[in-house]
Amino acid sequence: MKVGPLLMDTSQPITNIHPTTVIDRAATVADGVEIGPYCVIGPNVVLGEGVRIHSHAVIDGHTTIGAHTVVHPFASLGLAPQHLSYKGEPTRLVIGHHNVIREHVTMHVGTAQGAMETRVGSHCFFMAGCHVAHDCTIEDHVILTNNVALGGHVTVGEYANIGGLSGVHQYVRIGKHAMIGGVTGVDKDVIPYALAMGNRARLTGLNVVGLRRRGFSREDIRSLRTAFGLLFSQGGTMAERLSEVADLFSGQAGVMDIVNFIRVDSSRSICTPVAGNGNGHGG
C-alpha cells in the first residue's frame, strides 16, 4: 500500500493510521499496520505487515521494519549515523520481525566505512533508551536492557542478554547465549555462553541459568564447563589450549562455537576471567 504525505483516509479497514501522522508519499506500508498520533515516516521506509507504531516515533532513512514489530513512543529509527565521515550515502537499517522496540530507542543506518547496513534480527527486545549504532549486527532473540549503548560495528549473537546501563565498545563481538551484567563496560570480545561483568568486563564463568532455561542438557553444560576451565587455565598458550579443546570436544557443537569464535580474526582481544573465578551461574 502506498500512502500520501498526510494520510487521513479512514476507509482502509486493514490499516489504522492516525490522521496526525505524516507519511511521505514514497513510503511503503503493508496491510494491517497501525500508526499512532504524531509519527513521522520518511520516503524510503518500508513497514511490514502488522507493524504497530505508537505515538511520536520517527522512522526515516532507508529503513525496513519486519512484520509484527512494535515500536513505542519517541523511538528514532533510521536516522543518520553519529559518524564524522558520513556524507549522506544511501546506507540502510534492516529490522526483522516480531521485535519490541521500547521508548526512546535509537537505531542508525550503516556507513560507507562499514557494511553499509545496520541489521537487527527477529524476536528481539530493546528496552527503553537503548542505542544501536551504525553497522551493528544483532542476531535473533537478543535482549538489550534499559539504556544499553552499542558502539559502531558491534556484533551480538543470538539469545545474548546485555544488562542495563552497559556500554559496548565499537567492533566488539558478543557471542551467542552470552550474558553481560548491568553497568558493564565491554571493550573486549565475549565468548559464546559466557557471563561477563565489571567496570571493564571480565568473564565470571558460564551463563548456566540462561542455558538451562533454553533447554541445554546437563551433559552439554558439563562439557562447556570443562572446556571453559581448559581454555582459561594457566598452562601453555591460548593456541595450544584451543587445539586441545577442539580435539577433545570436536563433536560438541557448543564447545566448538567457542573455539571457532576465538579463532576468528578480530580487532579486539578476548575477554578473560579474573584469576580464581569459577564457572559462574548467570541468569
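The values are calculated or read from the model by the stated rules, or taken from the named source; none is laboratory data. Bear in mind the structure is a predicted one, so any value in this text is a computation, not a measurement. In this analysis, Cβ positions are derived from the backbone assuming ideal geometry, glycine residues included, and neighbour counts consider all displayed protein chains.
The set of residues in the stretch 143-163 being in a strand (DSSP E or B) and under 29 Å from ALA253 (Cβ atoms) consists of ILE143, LEU144, LEU150, THR155, VAL156, ASN161, ILE162. Of the candidates ALA27, ALA67, the single residue that is of a type in the set (Gly, Ala, Ser), buried (at least 21 other Cβ atoms within 10 Å of the Cβ) and modelled with pLDDT of 95 or more is ALA27.
Quick check on GLY151: is it within 24 Å of THR111 (Cβ to Cβ) and surrounded by 20 or more Cβ atoms within 10 Å (Cβ to Cβ)? Judged against the criteria, GLY151 is a match.
Given the condition assigned to a strand (DSSP E or B), under 26 Å from GLY110 (Cβ atoms) and aromatic (Phe, Trp, Tyr), answer yes or no: does some residue in the stretch 164-174 qualify? Scanning the stretch 164-174, I find no residue that is assigned to a strand (DSSP E or B), under 26 Å from GLY110 (Cβ atoms) and aromatic (Phe, Trp, Tyr), so the answer is no. In the set ILE174, ILE162, which member is touching a strand residue (DSSP E or B) at 6+ places or on another chain (Cβ under 8 Å) and closer than 13 Å to CYS271 by Cβ? Unique residue meeting the criteria: ILE174. Taking residues in the stretch 143-168 that are over 20 Å from GLU103 (Cα atoms) and in contact (Cβ under 8 Å) with a residue 24 or more places away in the chain, and partners anywhere that are among the charged types (D, E, K, R) and not in a loop (DSSP other than H, G, I, E, B), the pairs with Cβ atoms closer than 8 Å and at least 6 places apart or on different chains are GLY157/ARG173. Looking across the stretch 177-196, just one residue is hydrophobic (A, V, I, L, M, F, W, C), farther than 14 Å from SER269 by Cα and touching a Lys or Arg at 6+ places or on another chain (Cβ under 8 Å), and that is ALA196.
Within the stretch 128-146, the set of residues being farther than 15 Å from LYS176 by Cβ, surrounded by fewer than 21 Cβ atoms within 10 Å (Cβ to Cβ) and touching an Asp or Glu at 6+ places or on another chain (Cβ under 9 Å) comprises ALA128, GLY129.
A search for C-beta distances below 8 Å between a residue of the stretch 239-266 that is surrounded by 14 or more Cβ atoms within 10 Å (Cβ to Cβ) and any residue that is acidic (Asp, Glu), counting only pairs 6+ apart in sequence or on different chains, returns GLN252/ASP220; GLY254/ASP220; PHE261/ASP189; SER266/ASP189. Criterion applied to THR111, THR118 was being of a type in the set (S, T, N, Q), in a loop (DSSP other than H, G, I, E, B) and surrounded by 23 or more Cβ atoms within 10 Å (Cβ to Cβ), and the one residue passing it is THR111.
For the stretch 213-237, name all the residues that are loosely packed, with under 14 Cβ neighbours inside 10 Å and either over 21 Å from GLY181 (Cβ atoms) or of a type in the set (Gly, Ala, Ser) (or both). Before the answer, list the steps.
In the first step, residues of the stretch 213-237 are kept if they are loosely packed, with under 14 Cβ neighbours inside 10 Å; the result is 213-215, 217-219, 222, 233-237.
Those that are loosely packed, with under 14 Cβ neighbours inside 10 Å and either over 21 Å from GLY181 (Cβ atoms) or of a type in the set (Gly, Ala, Ser) (or both): GLY215, SER217, ARG218, GLU219, ARG222, SER233, GLN234, GLY235, GLY236, THR237.
Determine which single condition ASP140 fails, assuming it passes every other condition in (1) in contact with a strand residue (DSSP E or B) (Cβ under 9 Å, 6 or more places away or on another chain); (2) assigned to a loop (DSSP other than H, G, I, E, B). So ASP140 meets the others, but not (1). Candidates in the stretch 171-207 are the residues that are among the hydroxyl-bearing types (Ser, Thr, Tyr) and farther than 15 Å from GLY151 by Cα; of these, the one that is surrounded by the most Cβ atoms within 10 Å (Cβ to Cβ) is TYR193. Entry remark, the stretch 169-182: residues being in contact (Cβ under 8 Å) with a residue 60 or more places away in the chain and under 21 Å from LEU211 (Cβ atoms) number 4 in total. Kindly indicate whether GLY210 is in contact with a strand residue (DSSP E or B) (Cβ under 8 Å, 6 or more places away or on another chain), buried (at least 16 other Cβ atoms within 10 Å of the Cβ), at pLDDT below 95 and closer than 18 Å to GLY157 by Cβ. When the stated conditions are applied, GLY210 does not pass them. Of the helices (runs of 4 or more DSSP H) lying entirely inside the stretch 177-283, those carrying at least 2 residues that are in contact with a His (Cβ under 6 Å, 6 or more places away or on another chain) are 208-213.
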